[in-house]
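J.: Dropping the structure in here first, questions after.
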Amino acid sequence: MHLPLPLTLSSNSHVYVQGDVTIDPSAVISSGVILRANPESKIIIGAGVCIGAGSVIHAYQGTLEVETGASLGAGVLVVGQGKIGANACVGPLTTIWNASIERLQVVPAASVIGDSGRQVADVSLSATPPVSPNPPEAVIPSPPSPPKQQEVKPPVDSQIASSESTTEEKPESANFQEEKSVYGQGSVDRILKTLFPYHQ
């Protein structure tokens, strides 16, 4: 494949540099990168290094070196002293605190590597209530027994005949006022008596 124009390396003029920082001319550094070395500290960026946009490399109390061919994703934060090995790949949004990455190592995105810098404060034992080795057993109420189902018997032919003769004689309004037993009405009545014992 032939390219009509030779590729030019990106300019490092958009990178914020402070302190003793050495950048190889073949390194590619995206915009918004901050390279800052505290007094008596040093940053060394090797050949062929690629640093993603918005990354921050801050050296203090020693030398922080990014070796040849290493690649740092966007938003990587490297603080303290240490070394990122040759051809290592650090995923985006990773934080490296006073630690080194071995050569050819791949670090997943959003990892946190190194000294956490914070210690968990000891909680006074007197402030917390004592915990018994055998916690009390939870009391689980037993479920109520299911209501007994009433057996429904089919009507006998004589009952059907008598009910048909009575319905023919009565007007329709009387049929609605007549109380008929509904299947399961006894169960509903028992539940209502249990829930509302004073409304009987």
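The values are calculated or read from the model by the stated rules, or taken from the named source; none is laboratory data. This one's a predicted model, so the numbers in the text were calculated from it and none came from an experiment. Note that each Cβ is placed from the backbone with ideal geometry, even for glycine, and that neighbours are counted across all protein chains shown. Surface accessibility is based on the protein's heavy atoms, side chains included, excluding ligands, DNA and RNA. Shrake-Rupley method; radii C 1.70, N 1.55, O 1.52, S 1.80 Å.
J.: Name the long-range amide H neighbours of ILE101: under 5 Å, sequence gap of 5 or more, or other chain; modelled H, no Pro or chain starts.
T.: LYS83, ILE84, GLY85
J.: Also, quick follow-up: Run the quick spin-label model on SER187 and ALA74: label points 7 Å from Cα toward the beta carbon, then report their separation in nm to one decimal.
T.: With each label point 7 Å from Cα toward Cβ, the separation is 6.3 nm.
J.: Out of the total accessible area of the range 9-66 (probe 1.4 Å, heavy atoms of protein only), what percent is carbon and sulfur?
T.: Solvent-exposed carbon and sulfur of the range 9-66 make up 54 percent of the total.
J.: Continuing with this model, one more query. Quote to one decimal, in nm, the extra length available between GLN61 and SER31 on full extension: 0.36 nm per residue of separation minus the C-alpha distance between them. Walk me through the numbers before you get to the answer.
T.: Working: separation 30, 0.36 × 30 = 10.80 nm, distance 2.63 nm.
Using 0.36 nm per residue and subtracting the Cα-Cα distance, I get 8.2 nm.
J.: Hey, another quick one. Once the piece of chain linking ASN38 and LEU195 is laid out straight, how much longer is it, given 0.36 nm per residue of separation minus the C-alpha distance between them? Present the calculation step by step, with values, prior to reporting the outcome.
T.: Values: separation 157, 0.36 × 157 = 56.52 nm, distance 7.59 nm.
Here the answer is 48.9 nm.
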